[in-house]
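See below for the structure under consideration.
The values are calculated or read from the model by the stated rules, or taken from the named source; none is laboratory data. Since this is a predicted model, take the numbers as computed values, not measurements. Methodologically, a virtual Cβ is constructed for each residue, glycine included, from the backbone with ideal geometry; neighbour enumeration extends over all protein chains shown.
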Amino acid sequence: MPSVTSQAGIFPLTRHSVLVAAQSADPVARSLAIEAITLAYWRPVYKYVRMKWNINREDAADFTQEFFAHLLEKEFLNSYDSRKGRLRTFLRTCADRLFMNQMRDCKRLKRGGGSPHGSLDFEQAERELATVPSSESPEARFDKEWVRSLFALGLQRLRASCASGGKMIQFELFELHDLEDDDPKPSYSQLAAKFGLATTDVTNYLAFARREFRRCVLDQLREMTATDQEFRREAQALLGVDIR
Amino acid sequence: MKQLSDRIVAKLQAEMQVPDLAGTRYSVVRHLARGGMGSVWLADDMVLNRRVALKVLDLVAPADDLGALLLREARILAGLEHPGIVPVHDAGTLADGRTFYCMKYVEGQTLAQHIAGKNLSEKLRLLERIAEPLDFAHARGFIHRDLKPENVMIGAFGEVLVMDWGLAKVAATGRKPTEDGISMVVPDPQNSSRVTGQGSVLGTPGYMSPEQEHGGNEVDHRTDIFSLGALLAFMLTGSSEEAPAATRAVPRPLRAICEKAMATDPNARYQSAREMAADTVRYLSGEPVLAYPEGWFERVGRIYARHRTAIVLVGAYLLMRVFFILFARR
């Protein structure tokens, strides 16, 4: 699977570039754009179909790969209109339709067929799925997975930015303090001792990393949305504030 | 790609909302409330060692328009120095590009919370105190345009504050502002018209005057009189939408005050908040209210209620005299 670091090189961070490229006539640009969309959405789609349609893991993995292949081949995204709804809702609806069509046509999913990406980590996704509460709806899981993917891509972006800017200590501090599940998390003084820094430096470095992380996530989101209006709507939803 | 647990994702999500106060004198304590264009955060002012409230624009709001609007709100508040209007201490831009302003942290209750269990006279006294800052702002040419129970706070020491001047507008026909010699803020009317979207519908249904609801440009300070009437209706009936006229529990003069304040035609309303408050005070004092032409029987009843002790004493005295005369003749 291509990394976002490489993606950043392919796609300059222009506003809304991915959606525009995915709807363009240029097959190379389209293919790269669908690849970026796949990176952000394969996990939500996989978990959604597993939960919603109660299909086994192999069929869900096949369906997920076929879905993104359809996205590229059938030019699904050309019918997406950001004024009518969010991209993620559109993709979820497309997944439902494709699944229903396949059921209607009694078409068996071709194992491993038509995949634009050979290395989607379905095993890991399956392990994560095992921890999902049974009361949660597939739609809620889809949205949560979308946020998780977005944050993970933002994190990759942050790592790349810190590496190129000579600020890997800031990134490592952020990883250790903010991204680990361990309880209790290391204190600022413990981190200072570990990295040979003053405690105030840890405070400042963490503040920098958090600020940069926020910027990276919003950059990523901007790239994955079609218009400023959709970006704001999605960002408001992401930040958990009311949408007016 | 690093896998993030649901717990970490939720934590990061919450953290993304926290304003970046790097380089400022403030540190965030907790989230207080969410408003139309941003959030209010409780913060520590580390220089003066006191609690303050920070109103911070949404992270993804279109910075040009809403940033200017928030700054404009801060300037309006800074210019309206009145005990009934929350004072602003500071304003600026945060490291993450968001506009903010710092104001006094008001610990207290909203109007709706405060009036629970209060009697009629306490509620009317409260209305009088809400009318004061409103009248003060009107005199300086500002219209609030979003007066509602959530925007009135009663502080820990009983102080009444009119909050959230985010929709405030410079009145086209305000009264002369310098009668009392207090200098007034002169905001850029061109800017204010633009950022408040002149001609667009702003406000809260149930408290918004008809002319404001239609989004017309001719809204003046009497739109706040309508809201003040709706606020009185809310205090009397528990709902701004329920016409007090339909509630027999509300005395007729008070129903009339609400109806006058909430008249569709601005010319038929009270022409100032002070005038409306004076009418409620008249009611409290047992005097006739301007909004209600009372009948002869009602007048007698009101006079009796107002001077009950004196009337009873005089009556008792006269009765005693009659008995005395009758007894003396025998």
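Confirm whether B:L54 is crowded, with 19+ Cβ neighbours inside 10 Å, more than 9 Å from chain A (Cβ to nearest Cβ) and closer than 30 Å to B:S239 by Cα. Spell out how you get there, then give the answer.
Values: crowded, with 19+ Cβ neighbours inside 10 Å: yes; more than 9 Å from chain A (Cβ to nearest Cβ): yes; closer than 30 Å to B:S239 by Cα: no.
Criteria not met by B:L54.
Of all residues in the range B:1-37, which are in a strand (DSSP E or B) and more than 9 Å from chain A (Cβ to nearest Cβ)? Even if it seems obvious, please write down each step before you answer.
Step one: list which residues in the range B:1-37 are in a strand (DSSP E or B), which gives B:26-34.
Listed by number, the residues that qualify are B:Y26, B:S27, B:V28, B:V29, B:R30, B:H31, B:L32, B:A33.
Residues to consider are A:A152, A:A163; find the one that is of a type in the set (A, V, I, L, M) and more than 11 Å from chain B (Cβ to nearest Cβ). If you could, list the steps in order and put the result at the bottom.
Values: A:A152 fails: more than 11 Å from chain B (Cβ to nearest Cβ).
None of the other options fit; the residue is A:A163.
Has the range B:137-149 got at least one residue that is at positive phi and among the charged types (D, E, K, R)? Break it down stepwise before answering.
Of the range B:137-149, the ones at positive phi are B:141, B:145.
Cutting the leftovers down to among the charged types (D, E, K, R) gives us B:145.
Taking every residue of the range B:137-149 in turn, at least one turns out to be at positive phi and among the charged types (D, E, K, R).
Does B:V88 qualify as being more than 14 Å from every other protein chain (Cβ to nearest Cβ), touching a Cys at 6+ places or on another chain (Cβ under 9 Å) and at pLDDT 85 or above? Show your work before the answer.
Numbers: more than 14 Å from every other protein chain (Cβ to nearest Cβ): yes; touching a Cys at 6+ places or on another chain (Cβ under 9 Å): yes; at pLDDT 85 or above: yes.
Against the criterion (more than 14 Å from every other protein chain (Cβ to nearest Cβ), touching a Cys at 6+ places or on another chain (Cβ under 9 Å) and at pLDDT 85 or above), B:V88 qualifies.
May I ask you to list the residues in the range A:209-239 that are facing chain B (nearest Cβ under 8 Å) and hydrophobic (A, V, I, L, M, F, W, C)?
Result: A:F213, A:V217, A:L218, A:F231, A:A235, A:L238, A:L239.
Give the range B:14-46 a look and list any residue that's buried (at least 18 other Cβ atoms within 10 Å of the Cβ) and within 12 Å of A:D178 (Cβ to Cβ), or say none.
Listed by number, the list holds a single entry, B:M16.
Has the range B:141-157 got at least one residue that is surrounded by fewer than 21 Cβ atoms within 10 Å (Cβ to Cβ) and among the aromatic types (F, W, Y)?
yes
Anything in the range B:97-112 that is surrounded by fewer than 16 Cβ atoms within 10 Å (Cβ to Cβ) and within 14 Å of chain A (Cβ to nearest Cβ)? List them, or say none.
B:G97
Going by the conditions given, is B:D44 at pLDDT 90 or above, within 30 Å of A:L218 (Cα to Cα) and away from chain A (no Cβ under 14 Å)?
Values: at pLDDT 90 or above: yes; within 30 Å of A:L218 (Cα to Cα): yes; away from chain A (no Cβ under 14 Å): yes.
The answer is yes for B:D44.
Just checking, how many residues over the range A:152-185 are surrounded by 13 or more Cβ atoms within 10 Å (Cβ to Cβ) and in contact with a Pro (Cβ under 9 Å, 6 or more places away or on another chain)?
Counting residues in the range A:152-185 that are surrounded by 13 or more Cβ atoms within 10 Å (Cβ to Cβ) and in contact with a Pro (Cβ under 9 Å, 6 or more places away or on another chain) gives 2.
Do you know which residues across the range B:70-93 are among the aliphatic types (A, V, I, L, M) and either in contact with a Ser or Thr (Cβ under 7 Å, 6 or more places away or on another chain) or outside the structural domain of B:A43 (by TED's automatic domain parsing) (or both)? Please lay out each step first, then the result.
Start the filter on the range B:70-93 by keeping residues that are among the aliphatic types (A, V, I, L, M), which leaves B:70-71, B:74, B:76-78, B:80, B:85-86, B:88, B:91.
Hits for the range B:70-93 are B:L70, B:L71.
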